[in-house]
Amino acid sequence: MTIVTERPGTLDPTHVRDTMSMVPTSVAVVAGQSELTSDRAAMIVGSFVFISLDPCLVGFFIGHESSSWPQLNKATVLGISALASSQAQFCRKLGKKDADRFDDSFWIQGAYGAPLVAGAVAALECQIENVTPIGDHAFVLARVLGLNTGNAKDPLVFQNHEFAGLLPR
């Protein structure tokens, strides 16, 4: 269904969300720990993207209303974990504001000290290069310090308001 508006900027947010939900997105966890306070924070992002090989750069978007980003922005090193299809339940738990996000059974410490999700398909440790406001989000550009792949091969994706894997069952 195509919706035509009389002027740009009058799109119905619900229609935009429903339309964009048809495009599958990766599911990644961004986590960090402040060196000053030792407070840890984690959030789920559906906008993680590889940007450049040399220098090795990645990026993701953060909503301006994020309650986790102010803490994550203080971390010296961020851990970014691309979740495996078997980690949908963990992802749901992480998405709840009152959940114990740092149950030790789900986390490992990376070589640069960042919290990483155990069993993820890929894990990266990064430093923030730049944060640029764009619309109702900010784009975070990060330099990759180290990365590795896990044993899991089937990534978790989010499409049509549901979690799924990419590989046939």
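The values are calculated or read from the model by the stated rules, or taken from the named source; none is laboratory data. No experiment lies behind these values; they were computed from the predicted model shown. Because the Cβ atoms are built from the backbone with ideal geometry, glycine has one as well, and the counts that use them run over all protein chains shown. Quick note on the areas: whole protein, heavy atoms, side chains included, nothing else; ligands and nucleic acids left out. Shrake-Rupley method; radii C 1.70, N 1.55, O 1.52, S 1.80 Å.
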**Asked** Given a cut-off of under 8 Å on Cα pairs at least six residues apart, what relative contact order in percent is computed for region 1-103?
**Response** 27
**Request:** Pop out the ³J(HN,Hα) list for region 31-42 in order, Karplus 6.51 cos²θ - 1.76 cosθ + 1.60 with θ = phi - 60°, rounded to Hz; leave Gly and Pro as x.
**Result:** 9, x, 9, 6, 5, 6, 10, 6, 5, 9, 9, 8
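Heavy atoms only, 1.4 Å probe, whole protein assembly: order Ile80, Ile108 by accessible area, highest first. If you can, show how the numbers build up before the last one.
On the way: Ile80 0, Ile108 90 Å².
Final ranking, largest accessible area leading: Ile108, Ile80.
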**Asked** HN-Hα J couplings of region 141-146 from phi, Karplus 6.51/-1.76/1.60, θ = phi - 60°, integer Hz, Gly and Pro as x?
**Response** 9, 10, 8, 7, 8, x
**Asked** Karplus couplings for region 133-139 from phi (6.51 cos²θ - 1.76 cosθ + 1.60, θ = phi - 60°), rounded to Hz, Gly and Pro as x?
**Response** x, 9, x, 8, 10, 10, 9
**Request:** Would you grab the residues whose amide H sits under 5 Å from the one on Gly146? Only those 5+ places off in sequence or on another chain, please, with H modelled 1.01 Å from N.
**Result:** Glu125
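Over all directions, average the projected area of the Cα convex hull of region 52-113 and note it in nm².
Details: hull surface 23.5 nm².
Directional mean of the projected Cα hull area for region 52-113 stands at 5.9 nm².
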**Prompt:** Picking from Leu78, Leu124, Leu11, which is most flexible by a Gaussian network model of the chain using Cα springs under 10 Å?
**Reply:** Leu11
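Arrange the residues Asp98, Asp136, Asp154 by how much accessible surface each exposes, largest first, with a 1.4 angstrom probe.
Values: Asp98 140, Asp136 100, Asp154 20 Å².
Accessible-area ranking of Asp98, Asp136, Asp154, largest first: Asp98, Asp136, Asp154.
Would you mind working out the magnitude of the charge dipole of the chain relative to its Cα centre, with +1 at each Lys and Arg C-beta and -1 at each Asp and Glu C-beta, to the nearest 20 Debye? Intermediate results must be reported in sequence, preceding the final value.
Numbers: 12 positive and 16 negative charges, 47 e Å.
Rounded to the nearest 20 debye, it is 220 debye.
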**Asked** What residues qualify as long-range amide H neighbours of Leu156, i.e. H under 5 Å apart, gap of 5 or more or another chain, H built at 1.01 Å from N?
**Response** Val27, Leu83, Ala84, Ser85
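Please list Asp103, Asp54 in order of solvent-accessible area, largest first, computed with a 1.4 Å probe with all protein chains present.
Asp54, Asp103
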**Fill in**
Note to self, the chain gives a 222 nm [θ] from helices alone (DSSP H runs n ≥ 4, -39500 (n - 2.57) apiece, / all residues, nearest 500) of -2500 deg cm²/dmol
